[in-house]
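The values are calculated or read from the model by the stated rules, or taken from the named source; none is laboratory data. Every value quoted in this text rests on a predicted model; they were computed, and no experiment measured them. With ideal geometry, Cβ positions are generated from the backbone for all residues, glycine too; neighbour counts draw on all protein chains shown.
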Amino acid sequence: MPGLKEIRKRIGSVKSTKQITKAMKMVAAAKFRKAQMRILELRPYADKMNSVLTSLAKTVEIGHPLLEIRPRKKIEVIALTGDKGLCGAFNTNIMKAAFKLIKEIQSEGIDVSVSAIGKKGTDLLKRRGFTPRQSWLGISGRVSYLNAKEITGNIIENYINETFDEVVLIYNEFKSALVQRVSVVRLLPLAPVKAEEAESQELTAAFLYEPSQQAIFDNLLPKNLEIQVFRALLESQASEEAARMTAMENATKAADDMIASLTLQYNKARQASITKELMDIVGGVEALKQ
Amino acid sequence: MENKLRLDIVTPHGLVLSEDVDEVTAAGTEGEFGVLPGHVPFITTLKVGMLILRKDNKTEYVFVNSGYAEVSPDKVVILADSAERAEDIDVERALSAKKRAEERLAQVEKYDFARAMAALERASIRIQIAERKIPR
């Protein structure tokens, strides 16, 4: 049994750890609210963008390099993680899904290149012996549209150059403060919109285009990709802070439990020592009487 | 609602406006266009400009910073990079942006001409819209 002093010291250190986790929880909660607001604001735009593209695709018969499906010779997997840890299984879930996907692709005999967004993803890739094709750091925490633009630009350029024939993004989709789901989406080639689905909505009326169908397509497709990436970044951001909030909440609770059991132990030890001292005194008195 | 148009203006920063209106006029890249209920389906890119909407004899102005418009017979969807209603425009900020852009245009060798030009245009249109609103 550890001595009284040691227990007191441990209680002290657990208490200060608890203060840290509690503060981190508060910070995460504040950041989370902000991130949640941003993603909720973006969603209607992203959805409308998709519906515009859908109605456009109904009538479009022209091709576009970003729509073209090539034989899958090399597939790019992008893992979207955070720069920081202490957020539960947030990063590991992504990487687990990424490694599983990589294995699957490789077992089909297709080449894989991997990129990571976020320091954690980059580190984990390197530890597993992968060399990231590209890694974007310093994004989580201050996501801006420019980040999405940069990433999209890089992807499109390499796709057009045929560095890879398919791009898959793995990110944490934000469901609620308690639920995040790992989501795997194919960014490129852009999924061809299903014609039968479109037809059921309304009779396909011929659209007028200004300046031209091709010009709008050229403009809208990369833009849509940017929005998709931006959305993923924001979803991941909100998920990260939510995950961190939960993790820190749990850590604070665990610290509370630990303090309680240590305090109990401390009191027991103190009581034992008092009892022992009393016994000594009584024993001494008894000895004197004789 | 009959003979009304549903106008939705959405930006990456949220929904700016969603209303039933009688008429919409917007600045397309190929020129200004007006939309009344029953318009032919139409998709266009938008440049930086002013969107005018008429609703029960009232006119409102909205600043739209480039994007797309999808027009269907009973609906207009504007996807803009950013948009502000006339009363939400920060005139002071626009004025200082205009001044900054003009200064940069004066030193062409130091700054990106196209960017300064675009900034100037945005600021000028914002100011125009905001001022048009005042006499009303």
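Below, the figures for the structure above:
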| item | result |
| --- | --- |
| Residue check, residue A:85 free of Cβ contacts under 8 Å to residues at least 60 places away in the same chain, in a loop (DSSP other than H, G, I, E, B), out of contact with any His (no Cβ under 7 Å at 6 or more places or on another chain) and under 30 Å from residue A:120 (Cβ atoms) | yes |
| Among the candidates A:79, A:97, A:57, A:28, residue that is within 14 Å of chain B (Cβ to nearest Cβ), touching a residue at least 24 places away in the same chain (Cβ under 8 Å) and either of a type in the set (A, V, I, L, M, F, W, C) or within 30 Å of residue A:128 (Cα to Cα) (or both) | A:57 |
| Among (1) surrounded by fewer than 19 Cβ atoms within 10 Å (Cβ to Cβ); (2) not in a strand (DSSP E or B) - the single one residue B:81 does not satisfy | (2) |
| Meets criteria (of a type outside the set (Phe, Trp, Tyr) and surrounded by fewer than 16 Cβ atoms within 10 Å (Cβ to Cβ)) for residue B:100 | yes |
| Within the stretch B:1-24, tally of residues that are under 16 Å from residue B:68 (Cβ atoms) and part of a strand (DSSP E or B) | 9 |
| Filtered residues of the stretch A:35-50 (kept if within 20 Å of residue B:44 (Cβ to Cβ) and in contact with a strand residue (DSSP E or B) (Cβ under 8 Å, 6 or more places away or on another chain)) | A:45, A:48, A:49 |
| Residue match in the stretch A:235-243 (condition: under 30 Å from residue B:73 (Cβ atoms), among the aliphatic types (A, V, I, L, M) and modelled with pLDDT under 95) | no |
| The stretch A:217-250, subset under 18 Å from residue A:41 (Cβ atoms) and of a type in the set (Val, Ile, Thr), residue farthest from the other protein chains (Cβ to nearest Cβ) | A:229 |
| Meets criteria (within 14 Å of chain B (Cβ to nearest Cβ) and within 21 Å of the chain's Cα centre (by Cα)) for residue A:144 | yes |
| Criterion violated by residue A:247 - all others in (1) modelled with pLDDT of 90 or more; (2) in contact with a Phe, Trp or Tyr (Cβ under 6 Å, 6 or more places away or on another chain); (3) aliphatic (A, V, I, L, M) satisfied | (2) |
| Residue in the stretch B:21-68 that is surrounded by the fewest Cβ atoms within 10 Å (Cβ to Cβ), counting only those that are more than 14 Å from chain A (Cβ to nearest Cβ) and among the polar types (S, T, N, Q) | B:57 |
| Selected residue (only one of A:138, A:121 is surrounded by fewer than 18 Cβ atoms within 10 Å (Cβ to Cβ) and not hydroxyl-bearing (Ser, Thr, Tyr)) | A:138 |
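Residues checked against (1) in a helix (DSSP H, G or I); (2) closer than 20 Å to residue A:47 by Cα:
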{"position": "B:64", "(1), (2)": "no, yes"}
{"position": "B:101", "(1), (2)": "yes, no"}
{"position": "B:110", "(1), (2)": "no, no"}
{"position": "B:114", "(1), (2)": "yes, no"}
{"position": "B:118", "(1), (2)": "yes, no"}
{"position": "B:129", "(1), (2)": "yes, no"}
